[in-house]
Structures are given as structure tokens and as C-alpha cells.
1. Taking a ≥ b ≥ c as the square roots of the Cα gyration tensor eigenvalues, with a/c under 1.5 meaning rounded and otherwise prolate when a/b beats b/c, else oblate, which class fits segment B:202-262?
2. Quick query: amide H of A:TRP31 versus all other amide H atoms, modeled in the peptide plane; which residues come in under 5 Å with a sequence gap of 5 or more or a different chain?
3. With a ≥ b ≥ c the root eigenvalues of the C-alpha gyration tensor of segment B:254-349, is it rounded (a/c under 1.5), prolate (a/b larger than b/c) or oblate?
4. Relative contact order (percent) for segment B:476-558, with alpha-carbon contacts under 8 angstrom and 6 or more residues of separation?
5. Suppose R0 equals 35 Å; then what is the FRET efficiency for B:LYS377 and B:VAL428 from their Cβ-Cβ distance, rounded to the nearest 0.05?
6. Once you have the Kirkwood Rh of the protein assembly as shown from its Cα pairs, apply Stokes-Einstein at 10 °C and 1.306 mPa s and quote D in µm²/s.
7. Helix-derived [θ] at 222 nm for the protein assembly as shown: sum -39500 (n - 2.57) over DSSP H runs of at least 4, divide by residue count, nearest 500?
8. Could you pull out every residue, at least 5 positions away or on a different chain, whose amide H is within less than 5 Å of the one on B:PHE475? Hs are placed 1.01 Å off N in the peptide plane, and Pro or chain starts have none.
Amino acid sequence: MSVSPLQFQRPEHLTQLSSLPPLSLYVHIPWCLRKCPYCDFNSHVLPQGSEAEKLALETRYIDSLITDVELALPSIWGRRISSIFFGGGTPSLLSPAALDRLLLALQARLKINPDAEITLEANPGTFEAERFRAYRASGINRLSIGIQSFDPEKLQRLGRVHDGEQARRALEIAGQHFDNFNVDLMYALPAQTLPQAVADIETALSFGPTHLSAYHLTLEPNTLFAAQPPAELPNDELSADMQQAIEQRLAQAGFEHYETSAFCLPHHPSRHNLNYWTFGDYLGIGAGAHSKLSFHDKIVRQMRVKQPQAYLEAIAAGQPLQTDHVIAADDLAFEFMMNALRLNHGFAKSLFHERIGLSISAILYELDAAQQRGLLTHTAQDIIPTQQGRRFLNDLLAIFLPD
Amino acid sequence: MNLIRNFSIIAHIDHGKSTLADRFIQYCGGLSEREMNSQVLDSMDIEKERGITIKAQTAALQYRARDGQTYALNLIDTPGHVDFSYEVSRSLSACEGALLVVDASQGVEAQTVANCYTAIELGVEVVPVLNKIDLPAAEPERVSQEIEDIIGIEATDAVRASAKSGIGIEDILEEIVKKIPPPQGKPDAPLKALIIDSWFDNYVGVVMLVRVVDGSLKPKDKIKFMATGAEHLCEQVGVFTPKSLPRPALHAGEVGFVIAGIKELKSAKVGDTITLATQPATEALPGFKEVQSQVFAGLYPVESHDYEALRDALEKLQLNDASLRFEPEVSQALGFGFRCGFLGLLHLEIVQERLEREFDMDLITTAPTVVYEVLLKDGELIEVENPSRLPDPGKIEEIREPIITSTILVPQDYVGAVMTLCNQKRGVQRNMQYMGRQVMLTYDMPMNEVVMDFFDKLKSTSRGYASLDYEFKEFQTADLVKLDILVNSERVDALSLIVHRASSQYRGRELAAKMRELIPRQMFDIAVQAAIGSHIIARETIKALRKNVLAKCYGGDITRKKKLLEKQKAGKKRMKQVGNVEIPQAAFLAILQVSDK
């Protein structure tokens, strides 16, 4: 009788999950009217062409997304979808009709929880705002609007297509149709002063969002800003002061600071994003979309073909994956921490085992080291980053980085 | 023996020595055109890159002279830098003559003078050659006069040549034949061969470069080292052309190599005399002075687990570089490492570079220092080569620092600037002599000041024209103190320095300021202090970073963001953790970047 070679592997080297985590769906729409100089996402300028050509491209892309989800079904068989996020690129470039068709197709093929959060990322252009109502009617129940700033001069330096007036108008319309919407803002912008940074927050609050993300402008590698950094960027001191002022102002307004850059009114966190940060599963469809999927004996990461045109061809060929790998046991703890420690309240110790199948005692040494340096505290149930740990999250995470 | 000429070339860096040597080899057909890789005698990568010669090399040439006879010319190449002057005297002692090559546009330089004097002292015939004669700026008359003024040898008839363009090469070879005497020696006496140099070859073991003075040597001879008494079987003899070329025997007057299956370099000590075990010579040849380390520095692996690898690397380097000294040392700040002794700063740099390049070591080098004599109150005299080992001031009667006599040759235009520099470095003028357009300055200077950055400064104040030579003079009592650097109140032993009291305040302030620049901001404030004893003389604060966190991390970001964090961590690993502070490698050499007031 032959013996399976698996029996010779030490059990701790095998991932063993007793239950699978919640599953989200991410849908990537890769086109933008133009590429912002700070953006490192997989976005591409919408090809020039006639209206008919644009429509044909949109139709083909939606068809491909539907095929994509069908191809992926075996890897998520029987699992419920707890949230959907349309991201990009600029998903609000999708016509309401196309989005409606896509949502219907997804509902027909997936078990989507009735109370699932369904978010769409939108640009605050006039053109897009007019579509908000239709999006709501199609079943989108949350908007995330990429305002970045209300200051026309800053918007220009960020290379944004909209202006301050359009931004206000878009939020006004969003408020009319959505009771749940997020505003994305950036601070530490070129030549920005502390009052200007706070003024942007103030303006955003006046439109009654339930959620606000305030990102420190980061010069990401492989972006125009990384190659040609903008002039007059605020120094460390000033940008840290801005962060502090923003946190204070949002706390006053009753917002809870629950993740590095995310703030929400009580009970309104982004459930989709929370699923990332609690190391849940996600299926990503569309060009360059990333998935993280758990099975009882392994956790895999996948990425679909990145270039939109190549993606369309890959789908036609029935092979949309560009990369597909099992997360090594050594990396699991780090990747878990990289997400979960972003949460201001940290995480329950039991979650660690639930998500990656390892005992928390596997990282006891690192936890103690982090605690000694004042970067986190661990109680019987929870692991919580300290304020210092949140500010120096990279230093905290480095402790868990395998050598 | 009358047809043998052993000679070397004395020249300043860049005056064209290696090019000239290449020409000789080409003229006499030592190598084919294809093998004439640029500057064939400089074989180490570093030698080629820096354009300097570190190890002596030789070439045996066959020259058919105008008198119709074919002469065996043995060229023994010599290093040109002050750090390696001991190698020069070794090479010269194997020769009867030396070509003094002087750049006809630049004139005589200090190093050349020193080597020339060495040659004259050793009784070697010096034959002047004016090189680069085809340059528009060449002034052969003036330079001939300068040679006569400064060195004191007849130079009016000096051959005018250009190694680069091939002018006058044959004339030089004729001069060698005519002016340099043939070697003296007794071909039939018992063997006496002087080891001029030795090095380790991975395939054949130790290779010895020897000058046979008396007798002859052939394979299968049982040889004996007169200093150690050790006996070995001679396996192969030959000459370098500069390719190695086996010969049936080496005879009196000849220079060549000997291979005898020796595994350790220390068994074949440079300066020792080889004789035959069966028919030994009664008396050894006068050998060479032991080389003394002049400059010391700590070398530490960045990663403490590389300590053994560093030891291996140093041992391997030592196989070919007997002047490199090292012994284990422990630093509180840097952990386990080695205190190494070098001939000079260039030697240090070369060793450091070879360790990094050839052995892939990641190193922290501490500031170079000299050796001090410390007289204790109880009358004991100790040597201190590591500032952190300086005894408690209460126990010290006096500290004596090494003083060198330095000879500087500099064009008149820059004399003022160079004198100011020497004064800054606590130099005491001993002599000043005008020689044509150049001035020869003689200063007594603390060596400590010279090892820091004197050479670089000298070059920059004189636009590269000043040249320097020095020799150790004596130990002299001086008012010296130990300057400590404290990082977050913790004394970092690897940063301690011995400085003169008069400049201690200034140096302390500057060093603390420099450290503030070099140590990156971290999670907390870092205090950098300079102290003399318990007295704090300077303080700088490195303000804490406000944050270090990635603004965004969503599903698709994991892999990219993880790479970013890995990069951050790798950057930190290249730093040394002292207490809870991460100090970059460069900070340990910060003192070299501190300017003078």
C-alpha cells in the first residue's frame, strides 16, 4: 500500500482551518478619464473612440466580468457574499444600464446576503453625479466619493478632473440618494496649511457623510509623483500636526477612528474594508483584481491579468489568472498582522487561529517584543496596538516580518 | 653575469611608470599584442582602478643592445604610495640600478625624493628619465634642474622620453645597459637568495620572489630558510615575463620565483635568506626591517553572525599581505570584531574595499587612530591603539603621541595655504627650502592629525600639486584627552577618540552635530552628547519621527506593501543597534567628515 507523502510533513507546516471566513466580492473597473499622478492602482486611461465604440467596450467588459465570476464559482462553491465593492479606476464611468445588468447577473450566480453592503466608488464629476440616483435604484447602497480636497488649487496640483464646486455638488446629490456614503480626502497636499487641511474636513462634514477616509498623500513607487515629487510638500511635523487636528475634529463630530486612515459614525464602518483588515476572504474579478481565498488546507492569493485588453482576451480563453500562489505558512502570521493591526481596536486572539489556523503562541516572542517597546498591549482576549504602535505601525509590523 | 641588469623604476603616481614598464615589455617581446592588457603589471582589480601599484611585480626582458649583445634585464616594479614605502626598499635592495622617472611637466614630487634617497642609501645607481616629453607643458630643462637641486644627481643628459607615444624607449634601455652595473656575486659559492616578496597562490601555495646573490638554485634542491631553519623541497623556479616562465635554474645575479610546496606565508618570511640544506651558507643576507602598523581601526561585521566569516576573510587577505595585522576585539556597541593594524590610510581603504568586494562583507569601520604610549602613575608604560581602552585619567601620568617628520613638496603658489594647513594640524616647521618653482617644507606633525584627513586636505588646498612623504620620528608628550560620544546617555565605545585638549571642544561640538545629521530620526527623541570625562561639552537632539505608517492597505495592496516593509526592515538591518538606537555605518566614521575650524 502506498503512503501519501503528506504524512511525512510535520502537521504545523500545513494550514488547517476549521471554518472559512466571510467572503466579499471586489469588482474592478480599470478605466479613468485620466491617470492621477499619485495613484498606484491598476487604472488606465479610457481609450479614445466614438460613443458606439465605448459602448461596445463596456458591454464586452461587463460580459467578461460575468464570465469571470462563472469561472471562479468552483473556488467559492456554496459560500455567501457578505459585501460587494466596485472599485477602480473609476466605476462611476459605467453607465447605469451596464451596472444594472452586472448586478443582476451577479445576483443570479452568487448567494449574496440580503443585507450585504454594496459600495461603488465614484468621482465627483457632474456627469457622474447625475447617475447616483440610478445606481441607488440598481441596488448600490453605499457610495465612496473620491473628493480628495475641496480646494481648487490643491485639486489642480493633484491632477484631478473635478473642481471644488463639482465636489460640493456631488456630495449634495449623494446625500439626496444615499444615507450611507464615504468621502475620501487627502491631506499633506502640496503647499497645504494646517487650517486648509482642517477646512476640507469641515466642508466634508457639512454634507453629512457616515464615513470619512483621510489619507496622508503618499508618493507611491511607480507613480508620476514618485518620479517627480511635487514642490512644497508639508514637512513631517506639519503633516503630523494635520493628522492630529483631523483626528480631533472628527472625534468632536462623533466619528470613531477605527483604522489608520478610516473614520466612521457609530455602526457605519466600511464592512467591505473591515473584511480585508480582519483577514477575511475576497474574490476579485476584473482586470488586475486580487483575490484571497481560504480552503480547509490552504490560503491562496490570486491576481487576474492586469492590462484591460489582455484581461478581456484571457477571459475569452478561459484563463484569467496572472498569478496564483499558496501563502507560505511563514508568511501567514505577518500578513494577518499587517491587516489586523491597522484596526485601532486590534483583534481578538481567537481570530488569529480562526483565520490562519496557527496558535497565537506561534508569535508569542514577537508579541512580547512589541509590548516591551510599547507598541501593543495584549490582554487575555485581545491584541491592541497602542497609540505609539498605530503611529509607528511599520516598526510594529517589522517585528512580525519573517527574516 | 655581465649581461644581467636588475633595475626598478621610481616614479610618482601618474608619472607614467606602469606605462613605461609596459613599453619595455612590448619592446622586448615579453607579451604578445593580445596579452598587452592595459598596464599588465598591475594585476589586482584595485590596482587597475586606482592606477596604483601595491605589490611588487617583476618582468624578465631580453634586450639586444646596440653593442650587439643580448642582455637579460630584470624589471622589479615598485609601489608608488607612501603607505607602501617599505615595499619600495625591498624591491630596491634586489637591484643595482633604478630609473628615476619624472613627469617633465609636473616636476619632482615628495614621494619620488624619498624613494630616491632610499635608493642612494642602498647604493643603487639612479638613472634619471624625463617622461611625457611630448606634452605641450613639458619643461625638460627646468625639471632637469629640479632633479639636480632636490635630489642632487646629474640630470642634464637625462633621457627624454614619452612612454605613451613610445619616444626614447630604446634610449632608456641603452642607458640601463650602460649606466647600471651588472650584479656582483659568486656563482660557485653556497646558495644565498634573498626573499623580496612572497604571496599565496591558490594552486601552488606560497610563491617567493627572490634575488639570487650567490650560487644557484634548481628544482629538487633541498632548500633551507636561514631565519627559521625550516627545510623544503624546491619544486619549481622561473622568471616572470611577466607571465610565469619556468627555468631549469636561477643563477647568481638573477631575480625569479621559487615554489616549494609551502602552505603558510609566514614560513616564507620576506627578508629571509634561502640557502641549500646540503651545502648551507654560513651567514644570512641582511634582511629587512619588520613593518610596523601605523594606523589602527576596528572592523566589525554589521551582522554579528558574520564574525567568523570576517575572520576567515582577514586570514585570507593576510596570506597575501603580511603587513595586515588583526586581533579580536569586543566593543560594547559593535559586538565582536577585529582591531586591525595598517600601514596607512590607503592600506586601510584597500583592505576594507577588498573585504567588501571580494568577500562580500558588510562592515562597520571605526575611525582610524594611531598608537599612543601611555605612562601610568605607577610607572608602567603601555601602548594604546584603541581610544576606548585609554585608562582612567586618574591613573595616567602622561600620554605620548607619535610624531612624524613629513616632507612636503609644493609649488610656490600654494605654500601659504599648505603652511596654514600644517599649523592647523599642530605641525612644527623644521625646514623650508626653495628649489626652483617648488618649495620643500619639512614639518614635525602629530601622526594622529595626519591619519584623519590631512592627505585629502593637502591635495585640495594645493589643487593636487602638493606631495607628501613621512616617516616616524618619536613619541612626544602632549595634552591629549579622550572624547566620548553618548547616545541616549549611553557611551558608545566605538565612537571614542583621542584628541588634543585645545581642539576637543570644537571637535566635540562638530562631531555631535555630524551625528545628528547621520543618525536617522526614530520613534523617540535621541540625545547625542559629546563628553570629556564626565563633563558634557556638546548636546544635540534628534527629534523623534512623528509617524511611520502606510496610509493605505487594501486587498490588492498586500504584496506591494509587504515589499515596502521588507525594504524598510532591510535598511534598518544595515544599521547597528546601540541600546535602542539604530546607528548607520557612516556614523562610525563621522569624525572624518568633521571640518577644521
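The numbers here are math on the coordinates, done by the rules we state, and not lab data. Just so it is clear, the model here is predicted, and its values are computed rather than measured. As a convention, Cβ positions derive from the backbone with ideal geometry for all residues, glycine included, and neighbour counts pool all protein chains shown.
1. Working: a/c = 1.69, a/b = 1.14, b/c = 1.48.
Because a/c hits 1.5 or more and a/b fails to exceed b/c, segment B:202-262 counts as oblate.
2. Long-range HN contacts for A:TRP31: A:HIS44, A:THR90.
3. Details: a/c = 3.26, a/b = 2.27, b/c = 1.44.
Prolate.
4. Working: 131 pairs, mean separation 23.7, N = 83.
After rounding, I find 29 percent.
5. Details: r = 28 Å, r/R0 = 0.81.
The calculated FRET efficiency here is 0.80.
6. Values: Rh = 34.7 Å.
Translational D for this selection: 46 µm²/s.
7. Details: 28 runs with 292 residues, N = 1000.
Value at 222 nm, helices only: -8500 deg cm²/dmol.
8. Amide H to amide H, under 5 Å and 5 or more residues apart or across chains, B:PHE475 pairs with B:ILE403.
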